1. If you take the residues of the stretch 11-56 that are loosely packed, with under 10 Cβ neighbours inside 10 Å, at pLDDT below 90 and within 18 Å of Asp85 (Cα to Cα), which of them is farthest from the chain's Cα centre (by Cα)?
2. Among the residues of the stretch 83-128, how many are in contact with a Ser or Thr (Cβ under 7 Å, 6 or more places away or on another chain) and without any contact (Cβ under 8 Å) to a residue 40 or more places away in the chain?
3. Only one of these conditions is not met by Glu93: (1) charged (D, E, K, R); (2) within 20 Å of Lys124 (Cβ to Cβ); (3) in contact with a Leu (Cβ under 8 Å, 6 or more places away or on another chain). Which number is it?
4. Provide a single number: the residues in the stretch 79-122 that are surrounded by fewer than 10 Cβ atoms within 10 Å (Cβ to Cβ) and hydroxyl-bearing (Ser, Thr, Tyr).
5. Which count do you get for residues in the stretch 79-93 that are part of a loop (DSSP other than H, G, I, E, B) and farther than 19 Å from Gly51 by Cβ?
6. Among the numbered conditions (1) small (Gly, Ala, Ser); (2) in a loop (DSSP other than H, G, I, E, B); (3) crowded, with 17+ Cβ neighbours inside 10 Å, tell me where Ala76 comes up short.
7. Could you tell me whether any residue of the stretch 80-93 is at pLDDT below 85 and either of a type in the set (D, E, K, R) or within 16 Å of Gly41 (Cβ to Cβ) (or both)?
8. Of all residues in the stretch 94-128, which are assigned to a loop (DSSP other than H, G, I, E, B), within 13 Å of the chain's Cα centre (by Cα) and of a type outside the set (S, T, N, Q)?
Amino acid sequence: MRFVDNVTRGLLAVLASFFCVSAQAFPNKPIRFMEPYGAGGASDVLSRHLGAQLAESWGQQVLIDIRPGASGLLGAEIVAKAAPDGYTIILGEPTNLCISPALQPEALRYDPIKAFAPITSITKRQMP
């Protein structure tokens with residue numbers, strides 16, 4: 001019985017060691033928020049407000065990168081081609097992530113399904 005107890009404890013210790021991996025501090029460099037629409041609009045105001053709140057919370061600079069054009073596809077392409085390290089984030093919406101790729105597939109140089117991973121929903125709008 002003592003042998004079984006020792007083996008069980010040993011296995012638990014080995015399994016527990018897999019969960020004791022030290023995480024790297026995030027973020028350790030500035031975050032880039034891609035705003036694919038023009039300055040001064042509702043999404044710009046939202047991205048600046050959110051960026052300021054996150055910069056304060058993270059203690060790291062959040063850069064707002066405004067790249068309007070092609071119904072948001074230009075900004076989306078920049079993010080799609082960026083390193084997938086969590087430091088480049090698009091504040092996207094259905095127009096530039098779903099609708100435009102469906103209506104203009106020839107204009108895309110990236111796969112909108114594979115290029116982006118959703119993080120959270122920030123706002124909700126109702127149809128008028």
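The values are calculated or read from the model by the stated rules, or taken from the named source; none is laboratory data. What you see is a predicted model, and the numbers here were worked out from it, not measured in a lab. Note: ideal-geometry Cβ built from the backbone for every residue, glycine included; neighbour counts use all protein chains shown.
1. Here the residue is Ser22.
2. Number of matching residues: 2.
3. Of the numbered conditions (1) charged (D, E, K, R); (2) within 20 Å of Lys124 (Cβ to Cβ); (3) in contact with a Leu (Cβ under 8 Å, 6 or more places away or on another chain), the odd one out for Glu93 is (3).
4. Matching residues across the stretch 79-122 total 2.
5. Narrowing the stretch 79-93 to residues part of a loop (DSSP other than H, G, I, E, B): 82-87, 91-93.
Next, from what is left, pick out any that are farther than 19 Å from Gly51 by Cβ: 83-84.
Residues meeting the conditions: 2.
6. Of (1) small (Gly, Ala, Ser); (2) in a loop (DSSP other than H, G, I, E, B); (3) crowded, with 17+ Cβ neighbours inside 10 Å, only one is false for Ala76: (2).
7. Step one: of the stretch 80-93, the residues at pLDDT below 85 are 92-93.
Add one more test, that the residue is either of a type in the set (D, E, K, R) or within 16 Å of Gly41 (Cβ to Cβ) (or both), and what stays is 92-93.
Checking the stretch 80-93: at least one residue is at pLDDT below 85 and either of a type in the set (D, E, K, R) or within 16 Å of Gly41 (Cβ to Cβ) (or both).
8. So the first thing to find is which residues in the stretch 94-128 are assigned to a loop (DSSP other than H, G, I, E, B), and the list is 104, 108-111, 116-128.
In the following step, the residues that additionally are within 13 Å of the chain's Cα centre (by Cα) were identified as 116-122.
Those that are assigned to a loop (DSSP other than H, G, I, E, B), within 13 Å of the chain's Cα centre (by Cα) and of a type outside the set (S, T, N, Q): Phe116, Ala117, Pro118, Ile119, Ile122.
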